[in-house]
Amino acid sequence: MADVSSLFSSVQDILEHIKDVNQSVIETSDSAFSELNRYLSEAELDLPDSVIRALQMQDILRQQLSGSTDAINLITKSISQYRSSITEDAGLLEQSLGALDDKLKTTLEEAKVKKAAFSGDTENEDGNDVEFFSKNIYKGKIDGECTTY
Amino acid sequence: MSQPIVIFVDDSETALASTKIATQGLPIEVKQYISAGDALNDLNAGVVPSLIITDLNMPVMNGLEFLAALRQLPVTQKTPVLMLTTEKKEELKAEGKKLGLTGWIVKPFNPAQLKSAINRVLRLG
């Protein structure tokens, strides 16, 4: 029993390490892109559309790493619950292992959904058309009036 | 006459910087916020936007919750709102439509299309 718990403890340590690496990459890229963006913004350069699209990839990369960190948090939580349950009652080992397996599969599915949600449309180099939901677009309240057209 | 105010809300500084760079040259005043709460604070303090462009996936208050809050404020009840997000799910778009969302832009945006959308909504000519 102790061996199983020890094995999962090692898995948790590895996952925590991956999480730390993710966080470090996020912070480093945030810092680097923040500096780059500040320069580009202040210089008021007329950047090609392709460069502005490239700058946005850091945001997408950041979201992807955050998504994988969320998945790691869920996995380590599930493993902690499992380790706790088998420590309390060795008879629950098989039952708990099944429950852990179910949780990990669910976490994987959720992580895949999140990956798709955070990917945007990076493959489409021309960009997507803006999707308007109504032919009547409110102009807002310029000079206190609301105009519909 | 003052320029129309366009508000951008995104929890990513890089995303905000990209929109700022992309909209340079347009006859608009850009205001940027790192959270929906910060934007709501300024709206409550008297800022009157002509257009709001917001991210969807943000901590504390997401884009749809922000949109719902905007529709409760007299000053932004009918202000056009565009969602600028990596999400493409039809269910989320439908939820936005119910709340009176004006349109949906998938990241990474094409700068020309973003400018065109702003021009279309504000009729900047």
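Tabulated data
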| quantity | calculated |
| --- | --- |
| Cα-projected label distance for residue A:4 with residue B:89, points at 7 Å along beta-carbon direction, nm | 3.4 nm |
| Column: log10 I(q)/I(0), Debye, Cα scatterers of the protein assembly as shown, q = 0.11 Å⁻¹ | -0.69 |
| Computed [θ] at 222 nm, deg cm²/dmol, chain A (DSSP H ≥ 4; -39,500 (n - 2.57); rounded to nearest 500) | -27000 deg cm²/dmol |
| Cα-based equivalent ellipsoid, region B:1-57: semi-axes from gyration tensor eigenvalues, Å | 17, 16, 7 |
| Set A:115/B:107; A:77/A:105; B:20/B:115; A:112/B:97; A:19/B:107; A:19/A:77 screened for pairs whose C-alpha atoms are more than 19 Å apart | A:112/B:97; A:19/B:107 |
| Size descriptor, Kirkwood hydrodynamic radius, that averages inverse alpha-carbon separations across region B:34-116, Å | 13.0 Å |
| Charge context of residue A:32, other residues only, Cβ under 15 angstrom, K/R +1, D/E -1 | -3 |
| Burial ordering of A:46, B:11, fewest other beta-carbon atoms within 10 Å first | A:46, B:11 |
| Spin-label pair residue A:14/residue B:98, simplified geometry with 7 Å Cα→Cβ offset, distance in nm | 4.3 nm |
| Gaussian network model of chain A, Cα within-10 Å springs - most flexible of A:40, A:100, A:61 | A:40 |
| Ascending count of other beta-carbon atoms within 10 Å, so fewest first, for B:58, A:57 | A:57, B:58 |
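Every read-out reported here was derived from the displayed coordinates using simple, explicitly stated rules and does not represent laboratory data. It should be emphasised that the depicted structure is a prediction, and the values quoted were computed from it without experimental measurement. Counting neighbours? That spans all protein chains shown, and the Cβs are built from the backbone with ideal geometry, glycine included.
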